[in-house]
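Reviewing the structure listed below.
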Amino acid sequence: MMRTHRPGELRSGDDGTRVTVCGWVAHRRDHGGVVFLDLRDATGLLQVVVDPGVAGLEDVRRVRSEWVLRVSGVVRPRPAGTVNDSMPTGEIELGADSLEVLSESEPPPFPLDERADIDEVLRLRHRYLDLRREPMQRNLRVRAAVNAAVRAAMDAQGFCEIETPMLIASTPEGARDFVVPSRLHPGSFYALPQSPQLFKQLLMVGGFDRYYQIARCLRDEDLRADRQFEFMQLDLEMSFADQADVLAATSVAVLAAAEAVRPGDAPDAVAQITWREAMDRFGSDKPDLRFGMELIDLGEVFAATEFRAFQGAACVKGLCVSGHGESSRNVVDGLVERAKQLGAAGLVWMRVRDVDGVATLESPVVKFLSEPERLGIIDTLGAKVGDLVLLASGSWATTVSVLGQLRLDLGRPPVSEGGLHFVWVVDFPLFEGLGEGGRPSPAHHPFTMPHPDDFDLLDSDPLAVRSQAYDLVLNGWELGSGSVRIHRREVQQRIFALLGIDEDDQQRKFGFLLDAFRFGPPPHAGFAFGIDRLVAILAGEDNIREVIAFPKTQSGTDPLTNAPTPIDPTQLRELGLAMRATPKS
Ligand code: ASP
């Protein structure tokens, strides 16, 4: 056997044991006579001591960082006063009596020490070295534990794991497709799946009543900290099931994943809020419930106001920013500017100060407010001396979204703080606005069932139609979405028509789904949540690249393999393709 133990697993109970371990040299300290090596593998670090005069260990003086060694010797307690409590192996050391160099290493291009702050492109170019670092080792193991827990939870609930193809015809999820040219059918293209959406619906028609898959999804969108071209999601679908069934099954999986890697931190259940209430109270359809600072309605306080800015406004709301009352004028002006950038006509701010023992509003506009209005603001917002009060008015949608963003700017805790606050957001609108030609555009995807009470509004007031769509949110991050699906051909055709997809297009793009729906489609519903985002939050990372083994940079390149790269003229010819212009190198 190459090794008897893994270095990071040895403890004081192993004192006196003869072991052989393998690993990389993390640090080497040559104290003249004695040489100390920290040997690292996936399990952690072990201190190896090469005492002077031990025969056959002369090689140790050549050894450098990241060389790979096989060391044998006897485990012994560290001498008194040299115990290192911050290391799991800190009570012991290995007294080496034989040492073999398994491979040598050039000096690494960056230190692999956990504390080092290294340029990301350099890290990605040498990802294989970056992966040796403790945070990456930890994060990818968290990821593996999440995947395992999700699979176990789905299996235990009777879901069947089924893979769906990667080379397909387009499945619309609102993003741009990645396409793959066909060699055998020049001029034709496969699309890579934005999600397994249509296949999982076909699996329901195919009689698999509980499907899941940890699926790769590909979307050609601009990248961000929480978005990559390719990402993994737990994708699931259930027949003879409604919204409550999907929420329950998904909650089991997501809570099991959280419990597996953050034992004791996960709640027992996922909270639930309607879309309307989430927007109203938090100004966001992905409310971060780790902190309060809710948006409070001041409509009644200003019902008969003389203050011009608020007169006749559809909505007046306020936010109390606790402890920020003495923010500098610069900071406050910055907030007004930010509100304007976000679309507000303006932002009214007031400091709450102690005047003769009474909490009193101070601001250039206070003189325009009546006494009951001033008291109303303080009372309704629960404002205290030392707080900053922010008020916005205008349309409901703009007011809540502007204050919602300011709430996040001012109150959002770092990703690793504040616990785990899962929430289902339900009753989303079916359409999110009017797009081209005054046509409504789907808020989720076009296969989403309208709310049963709102069918009558489809033609008369489509934007007021609620859907049976729901999102899962964790700490203000959207983890995923799902919906009860339309399972009747005529309803699906009616929605397509409303979206402006004519019959030819329906047949061309979704003919296979509509055909399948001729043959007894069961009622069905499903969901998908992003594994990358879930793992990032559970690992306390605010960038999903930190939990992906080989991610792309923000500009979509891979510094390791240099993808994307031009392809050979021969390959182009085989595919029946020609470049129109010479690409920039
Ligand atoms: N296909 C959807 C998505 O990827 C999820 C679903 O509706 O099940 O977001």
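The charge dipole of the range 39-92, taken about its Cα centre with unit charges on the Cβ of Lys, Arg, Asp and Glu (plus for the first two, minus for the last two), comes to roughly 100 debye.
Here the convex hull built on the C-alpha positions of the chain has a volume of 245 cubic angstrom per residue. Helix 243-261 and the longest principal axis of the Cα set of the chain meet at an angle near 30°. By the rule of a C-alpha distance below 13 Å, with chain neighbours fewer than 8 residues away ignored, the aspartates and glutamates paired with residue 552 are 120, 220, 221, 222, 226, 230. Measuring against 24 Å, Cα to Cα, the residue pairs 317/340; 317/384; 317/367; 286/340; 286/384; 200/509 contain 286/384 as the ones spanning a longer distance. Using the Cα gyration tensor of the range 187-319, with a ≥ b ≥ c the square roots of its eigenvalues, what is the shape: rounded (a/c below 1.5), prolate (a/b larger than b/c) or oblate (neither)? Because a/c hits 1.5 or more and a/b exceeds b/c, the range 187-319 counts as prolate. Please work out the Kirkwood hydrodynamic radius for the range 392-485, using every pair of different C-alpha atoms, and report it in angstroms with one decimal place. Result for the range 392-485, one decimal place: 15.2 Å.
Note on the range 130-225: with charges restricted to the Cβ of Lys and Arg (+1) and Asp and Glu (-1), its dipole about the Cα centre is near 340 debye.
Once C-alpha pairs closer than 8 Å and six or more residues apart are averaged by separation and normalised to the residue number of the chain, the relative contact order reads 14 percent.
Going from the fewest other Cβ atoms within 10 Å to the most, the residues 460, 393, 370 appear in the order 460, 370, 393. Note on residue 338/residue 115: beta-carbon distance plugged into 1/(1 + (r/R0)^6) with R0 of 45 Å gives a FRET efficiency of 0.85.
Here the calculated FRET efficiency for residue 355 and residue 457, from their Cβ-Cβ distance with R0 = 51 Å, stands at 0.50, rounded to the nearest 0.05.
Taking the Cα centre of the range 460-519 as origin and assigning +1 to Lys and Arg Cβ atoms and -1 to Asp and Glu Cβ atoms, the resulting dipole is close to 240 debye. Shown here for the range 217-304: GluC sites (Glu not before Pro) in loop regions (DSSP other than H, G, I, E, B) with at most 11 other Cβ atoms within 10 Å, namely 300.
Can you classify the range 238-309 as rounded, prolate or oblate using the Cα gyration tensor, where a ≥ b ≥ c are the square roots of its eigenvalues, rounded means a/c under 1.5, and otherwise it's prolate if a/b beats b/c and oblate if not? Oblate, since a/c reaches 1.5 and b/c is not below a/b.
Over all other residues within a Cβ to Cβ distance under 12 Å of residue 195, the charged ones net out to -2, with Lys and Arg as +1 and Asp and Glu as -1. When a/c is below 1.5 the answer is rounded, else prolate if a/b is larger than b/c, else oblate, so apply that to the range 264-367 with a ≥ b ≥ c taken from the square roots of the Cα gyration tensor eigenvalues. Prolate, because a/c is 1.5 or more and a/b exceeds b/c. With contacts taken as Cα pairs under 8 Å at a separation of at least 6 residues, the range 233-373 carries a relative contact order of 13 percent.
Among 67, 349, a tally of other beta-carbon atoms within 10 Å of each Cβ gives an order, fewest to most, of 67, 349. Taking only C-alpha pairs under 8 Å that are 6+ residues apart, what is the relative contact order of the range 388-456 in percent? Dividing the mean separation by the residue count of the range 388-456 yields 16 percent.
Among beta bridges identified by DSSP and lying wholly in the range 1-110, the antiparallel ones come to about 95 percent.
Using DSSP to call loops (not H, G, I, E or B), can you name the trypsin sites (Lys or Arg not before Pro) in the range 422-526 whose Cβ has at most 14 other Cβ atoms within 10 angstrom? Listed in order of number, the matching sites are 488, 518. Extents of the range 121-200, taken as max minus min of Cα coordinates on every principal axis and listed largest first, are 47, 43, 25 Å. Among the trypsin sites (Lys or Arg not before Pro) within the range 80-130, those in coil by DSSP and having at most 12 neighbouring Cβ atoms inside 10 Å are 115.
When DSSP assigns beta bridges and you keep just the ones with both residues in the chain, what percent turn out antiparallel, to the nearest 5? Approximately 90 percent, going by the DSSP bridge assignments.
If R0 equals 22 Å, the separation of the Cβ atoms of residue 416 and residue 271 corresponds to a calculated FRET efficiency of about 0.60.
Farthest towards the positive end of the charge dipole of the chain, among the residues 463, 350, 578, is the Cα of 578, using unit charges on the Cβ of Lys, Arg, Asp and Glu.
Each value in this text was obtained by applying a stated rule to the coordinates, not by laboratory testing. Model, not experiment: these values are computed from the prediction. Virtual Cβ from ideal backbone geometry, glycine too; neighbours counted across all protein chains shown.
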